[in-house]
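Since the structure comes first, as structure tokens, the remarks are kept for the end.
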Amino acid sequence: MSKSICSDEQKCPLQSFSLSSWNIQTFFQPFSGQHPGGDRFGLGYNTNEQLCFYIADATGHGEWAARFWEKHRKLFDHLWEEFLSSPGEVSDIYKFSSTLNASLIEDSSEQSQICLAIGSITNQGKLSFANFGYGVHLLIRVNGDPYKGEAKEMFGLKLGWASSGMWKTIPRAFVSHKMEKVDRLILMTDCFLGDDFRDPIKTLKQIEEMNSQCSQLEENQIIDYFRDNFPSEGDDASLLVINPTKNLTAD
């Protein structure tokens, strides 16, 4: 079973649905009405029945950022289908991201850089993911409490920025994580954070505060929390909220 939803396929800005053991809410608002914009997100089940996800933010916004997808969507979709056919391990995330990065480096145009978070989660709340660049963020709740990460540990480099050679020598090129007892994921683009790349420490502090607030909310209150408190008119805006339909199952 699989289902994929992305911003250029949405008929309305807000959607709610269930995928097997997960309740999903999505929100998308393109910059100044320039549909489809540069954000994309997707969901699907892999061969191990894990829920796989990604959220991506191309360089720029609106119609300008949409050109990234005009050039690179075919490869991205192919890699996503390959990822859904894999066990969803960190090595599979590495294959996806390193292949995409190498292709973007070969292009070397301004429309060939992207921030991406991609991973998978089991019905037991075991999460594997990697995050590239400050353009996308994950708010993670572990066993009912907000997860707090160190700034230097949470992010890899934006895809399309570092050459394949740099990927092999710079530890920050690929930064992956594994966690357990994860009972909520919120995937977001950086439109809610302002100039987040200028002060990473401040950005992580704001994300920490957001996560603390969201951890106390019911799942149907989260998107309204972002829309009411964080103006997003200056960029494409995307949110993807993932909650289990019931208590996490034991191994």
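The values are calculated or read from the model by the stated rules, or taken from the named source; none is laboratory data. Note that this is a predicted model, so its numbers are computed, not measured. FYI the Cβ positions are ideal-geometry reconstructions off the backbone, even for glycines, and counts take in every protein chain you see.
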Inset, instruction - Quick one: in the stretch 165-191, of everything that is surrounded by 13 or more Cβ atoms within 10 Å (Cβ to Cβ) and polar (S, T, N, Q), which residue is nearest to the chain's Cα centre (by Cα)? - result: T189
Legend entry - First in the stretch 71-84 and modelled with pLDDT of 90 or more, second anywhere and assigned to a helix (DSSP H, G or I), Cβ under 7 Å, 6 or more apart: L75/L100; L75/S103; F76/L100; L79/F96; L79/T99; L79/L100; F83/D92; F83/F96
Inset, instruction - Taking S112 as the residue in question, decide whether it is polar (S, T, N, Q), surrounded by fewer than 18 Cβ atoms within 10 Å (Cβ to Cβ) and more than 28 Å from E208 (Cβ to Cβ). - result: no
Inset, instruction - Within the stretch 137-159, work out how many residues are in contact with a Phe, Trp or Tyr (Cβ under 9 Å, 6 or more places away or on another chain) and either in contact (Cβ under 8 Å) with a residue 60 or more places away in the chain or part of a loop (DSSP other than H, G, I, E, B) (or both). - result: 8
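State all residues of the stretch 45-62 that are on the phi < 0 side of the Ramachandran plot and surrounded by fewer than 16 Cβ atoms within 10 Å (Cβ to Cβ); if no residue qualifies, say none. Full working, then the answer.
To start, the set of residues in the stretch 45-62 that are on the phi < 0 side of the Ramachandran plot comprises 45-48, 50-59, 61.
Those that are on the phi < 0 side of the Ramachandran plot and surrounded by fewer than 16 Cβ atoms within 10 Å (Cβ to Cβ): T47, N48.
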Legend entry - Residue satisfying all of: in the stretch 214-251; at pLDDT 85 or above and of a type in the set (G, A, S); farthest from T59 (Cα to Cα) among these: S215
Legend entry - Close pairs from the stretch 192-209: first under 18 Å from T59 (Cα atoms), partner crowded, with 18+ Cβ neighbours inside 10 Å and at pLDDT below 70, Cβ under 9 Å, at least 6 apart: F192/S232
